[in-house]
Amino acid sequence: MAGVAASAAMAGLPTAGHALTPQLLLEATTREIEVNGTLAKQLAVVGPDGPEGLRVKRGDHFKFKLVNKLDTETLIHWHGLILPPSQDGVPGISAPTIPPGGSADYDFPLVQAGTYWMHSHVGFQEQLGLAMPLILEDPNDPLSNLQEVVLFLEDFTFKDPEAIVAALRGGGQTDTAVGHGAGGMAGMVHSQGAGAVDAGMPGMKGMAGMSGMAGMKGMAPATGTTAAPAVAGMEGMADLNDVDFDAYLANSRTLRDPQVVPVERNGKVRLRIINGSASTNFFISAGGQSARLIAVDGEAVHPIDDVIFPVGIAQRIDLLVDVPGGKALPIIAQREGDTARTGLILAGPGAAVEKLSDDADAKAGAIGVELESRLRAVEPLPVRPIAAELDSLLSGDMAKYIWMMHGGVYPNNKPLVVRTGDRTAVRIRNQTGMSHPMHLHGHVFQVIEIGGKPLAGAVRDTVVVPPQSDMVIAFDANNPGNWAYHCHNLYHMEVGMFSYLTYVPAT
Ligand SMILES: [Cu+2]
């Protein structure tokens, strides 16, 4: 892959066929990539199948030794996998970190098939590149004759993420952190199409005393138990992006120098799209052409044909696209609320590939619930009565850049407590002005209510809960242990928007 200075392929290891599941090697290491002409040193996971991701089969064992070749501690989480809690890769919840030069062994049966990913769960290592696709192949995949293309999306910054957080908290001037220092005004300016607010812009300073519009209902750090009222027009005032990045990457490339994938067979491609961003939601399109959505977060959905599909932070979508002979089809990911975009090109035989700008003509909107409301799982949860409904409150203070779950910042907040065997519903109440991609480890859940309307929605592991809204998810408490449950916006999580799920025995 051009643009990647260090080869990520490891010589001497098999590239496919883990049928006998010998223990294979994964390394946490570093690499250099070129981002719009500038070399950047990144962290990286290197495995036997190269930088396009790790491929393993359902029914096999996930049997790896993870070696830490970094000069700092690390630990990797296998996002979306149902596995024993001790192997889930979250420091403080499932296992200790791996020291420099150390290693950890993983061995568990793979019970799922679909599009997944892996990433560090330590500090900002995921933002720095310690992440990779994880494709769980289905041995009986009816689509196995199709060409497969993995599209791994990331947001990229040359800056130190810790400095970005400091700026978001008002500790310094930067052109990277979008102006939360202006007390929640940033989102309003965005929605009027005036562009990103520079936190260091002198004219905004006088507004810093507005303290996040704390007087507005539902936007203050909330401790009550009643749901926030639906305020007309609030969605338009939402903050869409915290952080302005230097680039958006598709398989480690920008759209100025995109990957061009030759389309081989019968002109039909299965795209496995993974949003591996730290803090960016995207809208996916295929050059205005209709595509067919067949899975979200690795789980099959009844097909939906459309021209644009949102994919939230940490979520995945599988799309089928037709690439007519002689045509070059751009697969574009445009940032929510922005013109910035990235992507790759699917090129049919003999196609001329045109240069594409990494800036769209018009801004994308906000991710809402339009698609989520239409999703229907092919294999919904078995029909059972709900034994317990738990409350999960999301709150925050945008001006101070404090994000909370269950009334506090981790670890000063309460976990969700479930009883072994219970069908459990969780009402997620987002009382903030931002959307939050909420992720539960070690389980899959079904979306069963959106904005007060019941539905038999998608089965998945990460759901975007829009500002000022409720969503209800349900799952079976059938994997006892302690499991991370958190906002997957890395900047929110790192300042404390993190909790966990814990079990008590059935009585
Ligand atoms: Cu969040």
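Any read-out appearing in this document is the output of simple, stated calculations on the displayed coordinates, not a laboratory observation. Because the structure is a prediction, the values reported are computed rather than measured. Note that we place each Cβ from the backbone using ideal geometry, even for glycine, and neighbour counts take in every protein chain shown.
Principal axis lengths of region 24-139 from Cα atoms, whole Å, largest first?
Ordered largest first, region 24-139 gives principal extents of 42, 30, 20 Å.
Taking a temperature of 20 °C and a viscosity of 1.002 mPa s, what whole-number D in µm²/s does Stokes-Einstein yield for region 306-412 with Rh from Kirkwood over alpha carbon pairs?
Using the Kirkwood radius from Cα pairs, D works out to 116 µm²/s.
Within 10 Å of each residue's Cβ, count the other Cβ atoms and sort M438, M471 from fewest upward.
Exposure proxy ranking, most exposed first: M471, M438.
Tell me, how many Å apart are the Cα centres for region 58-85 and for region 487-501?
Rounded to whole Å, the Cα centres lie 20 Å apart.
Going by how many other beta carbons lie within 10 Å of each one, how would you line up D359, D242, fewest first?
Fewest-to-most ranking of D359, D242: D359, D242.
If I take every Cα pair under 8 Å that is 6 or more residues apart in region 336-433, average their sequence separation and divide by the length, what percent do I get for the relative contact order?
The value is 25 percent.
Can you pull the Kirkwood radius for region 388-504, inverse mean 1/r over Cα pairs, to one decimal in Å? Could you put the intermediate results ahead of the total?
Numbers: mean 1/r = 0.0713 Å⁻¹.
The Cα-based Kirkwood calculation yields 14.0 Å.
Using only the alpha-carbon atoms of region 30-89, report the extent along each of the three principal axes, biggest first, to the nearest angstrom.
43, 25, 19
At a 10 Å Cβ-Cβ cut-off, how would you order E370, E336, fewest neighbours first?
Values: E370 10, E336 22.
With the sparsest Cβ surroundings first, the list reads E370, E336.
Just how far, in whole angstrom, is region 287-326 from region 112-152 if you go by their alpha carbon centroids?
About 16 Å separates the Cα centre of region 112-152 from the one of region 287-326.
Using the alpha-carbon centroid of each, what span in Å lies between region 352-370 and region 254-275?
16 Å
Local charge sum around D107 (other residues, Cβ-Cβ under 14 Å, Lys/Arg +1, Asp/Glu -1)?
Local charge sum for D107: -1.
In whole percent, what relative contact order does region 388-504 give with Cα contacts below 8 Å and a gap of six or more residues?
The value is 33 percent.
Give me the distance in nm between label points sitting 7 Å out from Cα along the Cα-to-Cβ direction at T502 and R292, one decimal.
A separation of 4.7 nm, rounded to one decimal place.
Scaled to the compact-protein estimate 2.2 N^0.38 Å, what is the alpha-carbon radius of gyration of region 247-367, rounded to two decimal places? Please report the intermediate quantities before stating the final value.
Working: Rg = 13.6 Å, N = 121, 2.2 N^0.38 = 13.6 Å.
Working it through for region 247-367, the quotient is 1.00.
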